[in-house]
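*Asks:* Let me give you the structure first, and then I'll get to my questions.
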Amino acid sequence: MREIVLDTETTGLDPLQGDRLVEIGCIELVNRFPTGKTFHWYFNPERDMPEQAFQVHGLTGGFLSDKPKFADKAADLVDFLGDAPLVAHNAMFDLSFLNAELERAGYALVSRERMVDTLLIARRKHPGGSNRLDDLCVRYSIDNSRRTKHGALLDAELLAEVYVELIDARQAQLGLSQAAPVISLGVQIIVRERPVPLVPRITDEDRAVHRQFVGTLGESAIWRDYIRLD
């Protein structure tokens, strides 16, 4: 299964009030593992950078002035995203800016159904606690020491690790690759078969000694129901 973990940085909080997307970072996951494929660009927002936004991500108008416009990279972004589910923290914020830019560039919008919101997952799993990305990194012992300011690619990398922990996928990744699904009480259970049976460690002599011991336990011994003594 292919998924894209993404994060964005912007000039503000509301694309309907003229705020623009200035950075996007995307990480490709296949079967919940990073493949090493990423998409990362800074964009010229064609407007000033408010001080409040600068304090969050540290991107200045001067730094962004020679970067491509979103429309210049929209086709590459759409191709990278494909039809994969999109994983984001507070996903509707990222979606609102992504769709505003896609609409401005003349591309189809991303549907809400494609979004996987890790903030909502975290709130269900850890009700009452703080579920900011930094706090989740601490909770799951993920090193976020490089995160002195928000940055889209770094945040997407951290979120990919948090996401795997939130959905308990790391334990699933430790299992064997070959598995057969079994449905029990409406729940799919994975039953894995060992490709090469283990060599028995119990010898015929061990079995004989065990049968002799069970024979000394008396007629009421439960072991007699599971072993032949003759």
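*Asks:* Considering each of Val87, Val110 in turn, give the residue that is under 14 Å from the mean Cα position of the chain (by Cα), at negative phi, modelled with pLDDT of 95 or more and of a type in the set (Val, Ile, Thr).
*Replies:* Val87 is the lone residue from the list that is under 14 Å from the mean Cα position of the chain (by Cα), at negative phi, modelled with pLDDT of 95 or more and of a type in the set (Val, Ile, Thr).
*Asks:* For residues that are closer than 19 Å to Phe80 by Cβ and at pLDDT 95 or above, tally how many sit in region 1-30.
*Replies:* Qualifying residue count for the region: 18.
*Asks:* A further question follows. Do we find that Asp135 is over 26 Å from Ala71 (Cα atoms), free of Cβ contacts under 8 Å to residues at least 24 places away in the same chain and part of a helix (DSSP H, G or I) in this structure?
*Replies:* yes
*Asks:* May I pose another question? Determine which single condition Ser96 fails, assuming it passes every other condition in (1) more than 14 Å from Leu21 (Cβ to Cβ); (2) touching a residue at least 40 places away in the same chain (Cβ under 8 Å); (3) polar (S, T, N, Q).
*Replies:* The single condition Ser96 does not satisfy is (1).
*Asks:* While we're on this one: Quick check on region 103-110. Is at least one of its residues free of Cβ contacts under 8 Å to residues at least 24 places away in the same chain, surrounded by 12 or more Cβ atoms within 10 Å (Cβ to Cβ) and either out of contact with any strand residue (DSSP E or B) (no Cβ under 6 Å at 6 or more places or on another chain) or not in a helix (DSSP H, G or I) (or both)?
*Replies:* Yes, region 103-110 contains at least one residue that is free of Cβ contacts under 8 Å to residues at least 24 places away in the same chain, surrounded by 12 or more Cβ atoms within 10 Å (Cβ to Cβ) and either out of contact with any strand residue (DSSP E or B) (no Cβ under 6 Å at 6 or more places or on another chain) or not in a helix (DSSP H, G or I) (or both).
*Asks:* Using beta carbons and a limit of 6 Å, which pairs, at least six apart or on different chains, have the first residue in region 112-129 and within 21 Å of Phe97 (Cα to Cα) and the second one open to solvent by 40 Å² or more (accessible area, probe 1.4 Å)?
*Replies:* Arg114/Pro85; Val116/Pro85; Leu119/Asn90
*Asks:* Shifting gears a bit: For Asp72, are the conditions met, namely being more than 20 Å from the chain's Cα centre (by Cα) and free of Cβ contacts under 8 Å to residues at least 24 places away in the same chain?
*Replies:* Taking the combined requirement at face value, the residue satisfies it.
*Asks:* Of all residues being over 14 Å from the mean Cα position of the chain (by Cα), more than 19 Å from Glu51 (Cβ to Cβ) and hydrophobic (A, V, I, L, M, F, W, C) in region 1-27, which is least open to solvent (accessible area, probe 1.4 Å)? Just the residue, please.
*Replies:* Ile24
*Asks:* When you scan region 28-63, how many residues do you find that are among the hydrophobic types (A, V, I, L, M, F, W, C), in a loop (DSSP other than H, G, I, E, B) and open to solvent by 60 Å² or more (accessible area, probe 1.4 Å)?
*Replies:* 0
*Asks:* The conditions are (1) closer than 17 Å to Ile27 by Cβ; (2) in contact with a strand residue (DSSP E or B) (Cβ under 8 Å, 6 or more places away or on another chain), and Ile142 fails exactly one of them. Which is it?
*Replies:* All conditions are met except number (2).
*Asks:* If I filter region 113-134 down to residues being acidic (Asp, Glu) and at pLDDT 95 or above, which single residue comes out as least open to solvent (accessible area, probe 1.4 Å)?
*Replies:* Per the criteria, the residue is Asp117.
The values are calculated or read from the model by the stated rules, or taken from the named source; none is laboratory data. Fair warning: this is a prediction, and the values are worked out from it, not measured in the lab. Heads up, the Cβs are rebuilt from the backbone with ideal geometry, glycines too, and the neighbour counts pull from every protein chain shown. Surface areas here come from the heavy atoms of the whole protein model, side chains and all, with no ligands, DNA or RNA. Shrake-Rupley method; radii C 1.70, N 1.55, O 1.52, S 1.80 Å.
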